[in-house]
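Input: a single structure, listed below in structure tokens.
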Amino acid sequence: MSPILYLSDSVDLKKFTNGEFIIEPSALSRFGKLDLKKTNLLSKEAKENGHKVYLEWDILMVEKDFIKSVEFFKQIDLKNIDAIRVQDPGAINWCLENTTHDLHLNLETGNHNYLGIKSWLEKGKSRISRIVLSIEWSKSQLEELLPRLSCPVEFLGMGRILLFYTPRYLLNVGLSNRESTLEVGDTGHWLEAAGQSEESPHKGFPLLENRHGTFMFLPSDHCLLDYLKDLKEVGISYLRLDNRFMSKELLESVLEQVKAPSIEGFQRVKEISEARLIRGFYNTNKSDVLFKKLKNHRIQRRDENYLGQILDVNKKNYLAIKLKNPKKTLSLGDNLCLQTPDGKTKYLTVNWLKDCAGNDKDQASGEDLVFVNHVGGVSVRASVYFSHE
Amino acid sequence: MRTRPELLSPAGSLDKLKIAVLYGADAVYCGGQKFGLRMASDNFTNEELKEGVVFAHSHGSKVYVVLNGFLHDEDLETLPEFLKLLEEIKVDAVIVSDLGTIETVKSNCKVPIHLSTQASCLNVESAKLWKSKGVERVVLGREVTLTDAKEIKEKAEIEVEVFIHGSMCMAYSGNCTISNYTQGRDSNRGGCAHSCRFEYSIDYAEGENSKSTFMSSKDLEGVALLPEFVAAGVDSIKVEGRMKGPHYAGTITKIYADALRELEVNEKLSPESLAYYDSELLKVTHRDYSSGSLSHAAGEESIYSEREHDDKEYEVSGVVADVVANEFILLEVRHAFFVGDELELMPFVGKSQKFRAKTVLNFINETREKTKPGELVKLPWVPGAEKLNLVRRRLV
Ligand code: SF4
């Protein structure tokens with residue numbers, strides 16, 4: 001697995017052989033700090049040192065920003081760029097039609113199934129030389145997916161977990177001494193903070209506001225450096241190490257661990273890291289389990305015997321039933337089964353049946369609202385079925 | 001005038017679907033039991049979907065079904081069966097968020113595909129790409145201005161749907177996973193815990209600190225900009241809110257339907273009617289309103305600086321369950337009220353009619369001094385009252 005790092009002045013290019021680096025111009029990248037001149041200079045330097053350079057274009061863009069981004073893009077010295085990393089579908093489409101470079105497709109948002117990924121690869125044909133997958137893919141899901149893919153996959157090995165991305169400027173507002181020399185949205189605009197809420201058990205969410213908007217990260221960082229063998233076996237080809245928010249010391253121990261994995265090496269990474277390290281959803285992703293319980297399934301209609309719903313209960317006097325099954329007719333003498341929202345089942349034989357005006361009826365159907373004799377223990381919103389008991 | 005855009009309203013349940021349609025929605029969107037983003041909403045069983053489509057079509061309205069979760073492989077396994085049902089019952093379109101779902105729809109049915117706002121389609125090139133994948137309409141990201149919407153429609157030659165009213169995610173749609181990591185609930189498959197509405201204390205690197213609901217967005221409200229929606233050629237104006245109640249579904253739909261009718265006759269909304277629409281919109285529970293990014297990129301004025309609160313000017317007293325002309329209306333009570341209270345009946349078209357609950361009787365004609373939610377009561381007959389009209393009460 002080849003490690004990939006982000007390029008900046010603080011990276012000593014000479015220390016690496018055949019390295020792979022992502023270059024982030026501030027105009028195109030969410031967390032980029034480089035202007036055009038620096039982008040061209042650093043990528044040239046990296047190339048001269050024998051490394052591969054990938055241009056990060058991962059911002060999301062409304063039309064006005066898209067046009068500006070394209071203008072900027074056209075000024076980059078592309079001969080020093082080996083591939084373009086794109087995320088906004090607009091950027092993907094534009095690059096496919098207007099460049100000849102390899103594309104690394106960032107599929108970290110909204111791509112959680114094989115068919116979708118296959119469809120992206122078909123769209124890009126041979127131009128897509130790498131896909132970047134979301135860390136929400138669990139190991140077992142990756143095991144199923146990767147053998148089916150024709151394209152190498154990149155995965156985050158270690159780094160911050162981005163939780164939230166908005167183009168709105170949310171942090172600057174809270175400062176009493178608003179930025180005066182730099183306008184919000186300017187190239188150099190960069191504001192960092194940490195947030196916490198009494199309503200969340202997590203403390204110290206890293207926050208960042210820059211020209212592209214506001215970002216929030218999880219206080220814990222993602223780290224799979226104790227699973228390197230595993231990742232290789234699963235079929236991950238490239239491991240991204242997000243050094244943008246790492247100290248020099250931490251980066252050194254991270255690189256050491258990737259080069260020669262060991263339990264001690266991993267322990268050292270853990271000790272140096274300021275953030276708690278987690279594996280996220282790698283071992284299992286059950287994030288759809290909890291919310292399935294948010295709903296009361298007892299009050300949902302289920303089968304062809306469904307008749308309607310109880311709208312009113314008047315103790316010892318009557319029940320009001322809203323008929324909801326146009327295929328069914330309710331008649332005097334029918335046996336009904338009533339299922340209450342709290343899980344009780346009650347039975348009732350229809351001894352009398354009246355319409356809203358109090359007229360006696362023999363039958364009711366369609367969407368009629370009818371009143372019948374009362375039975376104890378039934379509450380409003382109970383489901384009414386014909387009973388065969 | 002230009003072509004009238006479709007008014008698309010939320011339908012969180014069959015009742016709300018009927019209310020939205022009767023109050024003037026040209027189309028409604030709703031979800032089945034799976035595949036959507038509002039897992040805590042009642043949603044529709046297959047039978048209810050069938051009934052909803054028949055009801056909507058019989059009133060000339062369309063039904064779109066959301067499949068807009070970011071679906072995982074295991075979710076897609078059971079999707080084909082559901083798609084067959086949707087085609088059979090003649091659903092008018094499905095709203096999807098990802099390519100895998102699009103491919104599954106294409107290979108299993110011929111139901112038109114609309115791209116959900118979850119996919120954050122923000123520019124012309126993006127719309128072109130989705131079109132090349134079989135999408136007929138894009139629901140644009142809420143960050144897109146009306147000027148950009150026009151350009152996207154014209155240059156990508158695709159139908160565009162733009163939100164005009166309702167709650168807004170502060171994040172780019174589909175780009176928030178706070179709930180995934182803090183609550184173990186996938187916000188992009190229906191588990192959002194609304195952490196963006198929390199109050200946070202913020203410690204700035206510079207040493208300052210503050211406390212605020214800095215990630216909470218005001219609600220979108222665009223009635224004053226409706227003529228611009230029309231001028232931009234927007235195909236569908238969308239109201240958010242499948243989780244909200246019948247009062248919301250009915251009132252918001254009615255206001256925008258009335259305003260669209262006015263624009264069929266005049267180029268602009270008159271100041272009087274605009275004042276009326278604004279006052280009606282205030283009667284529904286809402287956060288402070290903002291026009292979001294409809295005219296220009298949303299700025300700090302779009303941040304909602306309060307913790308959630310329950311202040312509301314009006315509440316729905318009930319829904320008319322039946323009418324016996326010249327005698328009484330039978331009301332299904334949603335919020336308690338007292339005998340003697342002044343109530344307002346909201347007809348499907350036209351202004352509300354005030355009336356007093358001089359008598360409140362149950363089915364066996366016993367007087368109810370105070371009603372309770374979930375009972376049926378007889379109120380004095382109001383001329384023009386129809387089944388499923390809303391009855392509301394002023395609180396402040
Ligand atoms: S937490 Fe807020 S921003 Fe995030 S998905 Fe939920 S509503 Fe949207």
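The values are calculated or read from the model by the stated rules, or taken from the named source; none is laboratory data. Predicted model only: the values in this text are computed from it and were never measured. FYI the Cβ positions are ideal-geometry reconstructions off the backbone, even for glycines, and counts take in every protein chain you see. Each accessible area value is taken on the protein alone, full model and side chains, heavy atoms only, with ligands, DNA and RNA left out. Shrake-Rupley method; radii C 1.70, N 1.55, O 1.52, S 1.80 Å.
For a paramagnetic label modelled on residue A:349 (point 7 Å from Cα along Cα→Cβ), amide N atoms under 15 Å away belong, within segment A:366-388, to A:373-375, A:387-388. Neighbouring Cβ atoms from other chains, within 10 Å of the Cβ of residues in B:204-216, number 5 on average. With both labels modelled 7 Å from their Cα along Cα-to-Cβ, the residue A:256 to residue A:126 distance reads 4.4 nm. Solvent exposure of residue A:312, expressed as accessible area, is near 0 Å², computed with a probe of 1.4 Å over the protein chains only. Counting only DSSP beta bridges whose two residues both lie in chain B, roughly 55 percent are antiparallel. Fraction of C-alpha pairs exceeding 39 angstrom in the protein assembly as shown: 42 percent, rounded to a whole number.
Summarising the strand pairing of the protein assembly as shown, around 55 percent of its internal DSSP beta bridges are antiparallel.
Give me the percent relative contact order of chain A, please, defined on Cα pairs under 8 angstrom at least 6 residues apart. Here the relative contact order equals 12 percent. Partners of residue B:354 within straight-line reach, counting lysines whose Cα lies under 18 Å from its Cα and excluding those fewer than 8 residues away in the same chain: B:254, B:283, B:378, B:387. Evaluating kT/(6 pi eta Rh) at 20 °C and 1.002 mPa s, with the Kirkwood radius of segment B:183-305 over Cα pairs in the Stokes-Einstein relation, gives 127 µm² s⁻¹. The 1.4 Å probe gives accessible areas that order B:26, A:35, largest first, as A:35, B:26. If you sort A:381, A:168 by accessible surface, 1.4 Å probe, largest first, the order is A:381, A:168.
Here the spin labels are modelled as points 7 Å beyond Cα on the Cα-Cβ line, and at residue A:17 and residue B:274 they lie 7.2 nm apart.
May I ask for log10 I(q)/I(0) of segment B:314-394 at q = 0.14, 0.18 Å⁻¹, from a Debye sum over the Cα atoms as equal point scatterers with solvent left out? So the normalised log intensities are -0.36, -0.61. For segment A:86-189, taking the reciprocal of the average inverse distance between every pair of different Cα atoms yields a Kirkwood hydrodynamic radius of 16.4 Å. Extension gain, residue B:264 to residue B:110, is 52.2 nm, computed as 0.36 nm per intervening residue step minus the present C-alpha separation. Starting from a Cα-only point model with no solvent, please compute log10 I(q)/I(0) by Debye for chain B at q = 0.12 1/Å. Taken in order of the listed q values, log10 I(q)/I(0) reads -0.99.
Peptide A:56-67 has a mean shielding of 5, counted as Cβ atoms of other protein chains within 10 Å of each residue's Cβ. In straight-distance terms, cross-link reach from residue B:18 covers every one of the aspartates and glutamates whose alpha-carbon lies under 13 Å from its own, apart from those fewer than eight places away in the same chain; here that gives A:367, B:26, B:48, B:51, B:386. Can you give the FRET efficiency for residue A:68 and residue A:303, using 1/(1 + (r/R0)^6), R0 = 56 Å, r = Cβ-Cβ distance, to the nearest 0.05? Between residue A:68 and residue A:303 the formula returns 0.45.
Using only protein heavy atoms and a 1.4 Å probe, report how much of residue B:369 is accessible, in Å² to the nearest 10. In the full protein context, residue B:369 sits at about 120 Å².
Here the alpha carbons of chain A define both size measures, Rg and Dmax, at 30.3, 94 Å. Would you mind giving the total buried accessible surface between chains B and A, with a 1.4 Å probe and ligands, DNA and RNA left out, rounded to the nearest 100 Å²? Accessible area lost upon association: around 8000 Å².
Under a Gaussian network description of chain B, with springs only between Cα atoms under 10 Å, the residue in B:17, B:115, B:129 that fluctuates furthest is B:129. In the context of the full set of protein chains, segment B:115-159 has a per residue accessible area of 30 Å² (1.4 Å probe). What is the distance in Å between the Cα centres of segment B:312-367 and segment A:64-116? Computed from Cα coordinates, the inter-centre distance equals 58 Å. When the Gaussian network model of chain A links Cα atoms closer than 10 Å, the mean-square fluctuations of A:375, A:269, A:153 top out at A:375.
Across chain B, the relative contact order, built from alpha-carbon pairs under 8 Å that are at least six residues apart, equals 16 percent.
With both labels modelled 7 Å from their Cα along Cα-to-Cβ, the residue A:52 to residue A:237 distance reads 0.8 nm. Taking all protein chains together, B:168, B:243 sort by accessible area into B:243, B:168, largest first [probe 1.4 Å]. Springs join every pair of Cα atoms under 10 Å in this Gaussian network model of chain B, and among B:169, B:30, B:109 the largest mean-square fluctuation is at B:109. Only DSSP H runs of four or more residues enter the estimate; each adds -39500 (n - 2.57), and after division by the residues of chain A the mean residue ellipticity at 222 nm equals -6500 deg cm²/dmol.
Here residue B:346 sits with roughly 0 square angstrom of accessible surface, probe radius 1.4 Å. Of the GluC sites (Glu not before Pro) in segment A:123-192, the ones in a loop by DSSP (not H, G, I, E or B) with at most 13 other beta carbons within 10 Å are A:183. Sorted largest first, the spans of the alpha carbon positions of segment A:297-386 along the three principal axes are 34, 30, 19 Å. With a Förster radius of 30 Å applied to the C-beta separation of residue B:203 and residue A:247, the computed FRET efficiency comes to 0.95. Taking the DSSP bridge list for segment A:194-352 and keeping only pairs wholly inside it, about 90 percent are antiparallel. Among the GluC sites (Glu not before Pro) found in segment B:96-196, those both in a DSSP coil and sparsely packed, with 16 or fewer other Cβ atoms within 10 Å of their Cβ, are B:136, B:157. A convex hull fitted to the Cα coordinates of segment B:41-131 yields 115 cubic angstrom per residue.
The calculated FRET efficiency for the pair residue A:183 and residue B:326, based on their C-beta separation and a Förster distance of 56 Å, comes to about 0.25. Its alpha carbons give segment B:289-359 an Rg and a Dmax of 18.5, 54 Å. Look at the stretch A:157-169: the mean tally of other chain Cβ atoms within 10 Å of its residues' Cβ atoms is 6. Taking only Cα atoms, what is the 0 to 90° angle, nearest 10, from helix B:79-88's long axis to the longest principal axis of chain B? Long axis of B:79-88 versus the principal axis of chain B: about 50 degrees.
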